[in-house]
Amino acid sequence: MTILTSLRAVSYLAPNWFGLYQAIAAYLGRVLQVEIQLHQGECDPLQDPLLFQDQIDLAFICGLPLIRYSQQVIDQLQTLVAPVMQASRYGNSPIYYADVIVKADSNIKKFGDLSGKTFCYNDPGSNSGYNLLRHWLSQEKYPQNFFGKTIESGFHQRSIRWVVEGLADCAAIDSVVLEQELHDIPELSQHLRVLEVIGPSPMPPLVVAQRLSIPLIQQMLISLLQPDAELQGVMEQFGIRRFAAVKLENYRVLNQIYCERSFVSLSS
């Protein structure tokens, strides 16, 4: 019988939440009595060879690439939990929004004023940064090529900076990432404002490799549903009320939206 001594974990999510993922990894390491090696992913999960080689044991991942990956590689990943935020707008459910931001002193007063403007997004595989807005534009009957220009930033925090610096007129930002950035850098609130809120969507989950033993996976789940005081303290810092068990089926709606978006172009 092989004795498990270490697990490999990766975060494909925004760097400003990495401290939480470190705390979760440390907590599970204490509970399971194993070393958990966590690193920040450097590429799209759909392009990560380690994931395709089934070398990742735990992953913090956006729901959209998760469901797309799970259609390509069946029965490799299993969802465990997703955070439930404390703020009232989340309704004590594992959901989040896409907040469309503009510079605070811009003359953009309503969404229609963004016609012909520059839209900044983190990457085209992002649900909050790209997928939801594209779907919403179609649902709200905005014209094809609504924006004059689109530019890719690479990650949400850079998109926020580009809007503040005037390099882009707007961006769609994961609401919990935006809230954390405003918490970390309070003066940012003076330089941007939320123009539109899109969603909700199911919260990005923590997933686990199905090849791990069922008792081990169950122990992880139970432990995260009943975190110790040390992890609860970190959760409080990130505005998290609790973790909720989630199913892969919860994320299928994101792929439906993604497939519909092929009919909509954001800019010429």
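For region 53-72, the set of residues classified as surrounded by 13 or more Cβ atoms within 10 Å (Cβ to Cβ) and over 19 Å from Ile222 (Cα atoms) consists of Asp54, Ile56, Ile61, Cys62, Gly63, Leu64, Pro65, Leu66, Ile67, Arg68, Tyr69, Ser70, listed by residue number.
Select from region 12-60 the residues that are touching a residue at least 60 places away in the same chain (Cβ under 8 Å), over 18 Å from Gly233 (Cβ atoms) and in contact with a strand residue (DSSP E or B) (Cβ under 9 Å, 6 or more places away or on another chain) and list them in ascending order. Leu13, Ala14, Pro15, Leu32, Asp54, Ile56, Asp57, Leu58, Ala59, Phe60 - these are the residues of region 12-60 that are touching a residue at least 60 places away in the same chain (Cβ under 8 Å), over 18 Å from Gly233 (Cβ atoms) and in contact with a strand residue (DSSP E or B) (Cβ under 9 Å, 6 or more places away or on another chain). Of all residues in region 149-200, those satisfying the criterion of being acidic (Asp, Glu) and over 28 Å from Pro45 (Cα atoms) are Glu165, Asp169, Glu187, Glu196. Among the residues of region 6-24, those that are more than 13 Å from Asp228 (Cα to Cα) and assigned to a helix (DSSP H, G or I) comprise Pro15, Asn16, Trp17, Phe18, Gly19, Leu20, Tyr21, Gln22.
Here Leu212 passes the criteria (1) part of a loop (DSSP other than H, G, I, E, B); (2) closer than 17 Å to Arg68 by Cα; (3) among the aliphatic types (A, V, I, L, M) except the one numbered (2). Pairs are defined by a Cβ separation below 6 Å, a sequence spacing of at least 6 or placement on different chains, a first member in region 148-165 that is over 15 Å from Leu178 (Cα atoms) and without any contact (Cβ under 8 Å) to a residue 24 or more places away in the chain, and a second member that is of a type outside the set (Val, Ile, Thr) and surrounded by 15 or more Cβ atoms within 10 Å (Cβ to Cβ); no pair meets this definition. Does Arg193 count as surrounded by 14 or more Cβ atoms within 10 Å (Cβ to Cβ), free of Cβ contacts under 8 Å to residues at least 12 places away in the same chain and assigned by TED's automatic domain parsing to the domain that holds Tyr121? So Arg193 fails the test.
Condition check ((1) assigned to a helix (DSSP H, G or I); (2) β-branched (Val, Ile, Thr)) across all residues:
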site: Leu4; (1), (2): no, no
site: Gly29; (1), (2): yes, no
site: Leu66; (1), (2): yes, no
site: Asp75; (1), (2): no, no
site: Ala82; (1), (2): no, no
site: Val102; (1), (2): no, yes
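If you take the residues in region 53-64 that are over 22 Å from Gly154 (Cβ atoms) and either of a type in the set (Asp, Glu) or assigned to a helix (DSSP H, G or I) (or both), which one is farthest from the chain's Cα centre (by Cα)? Among residues in region 53-64 that are over 22 Å from Gly154 (Cβ atoms) and either of a type in the set (Asp, Glu) or assigned to a helix (DSSP H, G or I) (or both), the one farthest from the chain's Cα centre (by Cα) is Asp54.
Here Ile173 meets the list (1) of a type in the set (Val, Ile, Thr); (2) outside the structural domain of Tyr121 (by TED's automatic domain parsing); (3) within 20 Å of Gly63 (Cβ to Cβ) almost entirely, failing just condition (2).
Hey, does region 111-133 have a residue that's hydrophobic (A, V, I, L, M, F, W, C) and part of a loop (DSSP other than H, G, I, E, B)? Looking for residues that are hydrophobic (A, V, I, L, M, F, W, C) and part of a loop (DSSP other than H, G, I, E, B), one finds none in region 111-133, hence no. Here Arg241 meets each of (1) under 14 Å from Leu20 (Cα atoms); (2) part of a helix (DSSP H, G or I); (3) not polar (S, T, N, Q) with one exception, condition (2).
Look at Asp75 and say whether it is assigned by TED's automatic domain parsing to the domain that holds Ala229 and at positive phi. Against the criterion (assigned by TED's automatic domain parsing to the domain that holds Ala229 and at positive phi), Asp75 qualifies.
The values are calculated or read from the model by the stated rules, or taken from the named source; none is laboratory data. Remember, it's a predicted structure, so these values are computed and weren't measured experimentally. All Cβ positions, even for glycine, are placed from backbone atoms using ideal geometry, and neighbour counts span all protein chains on display.
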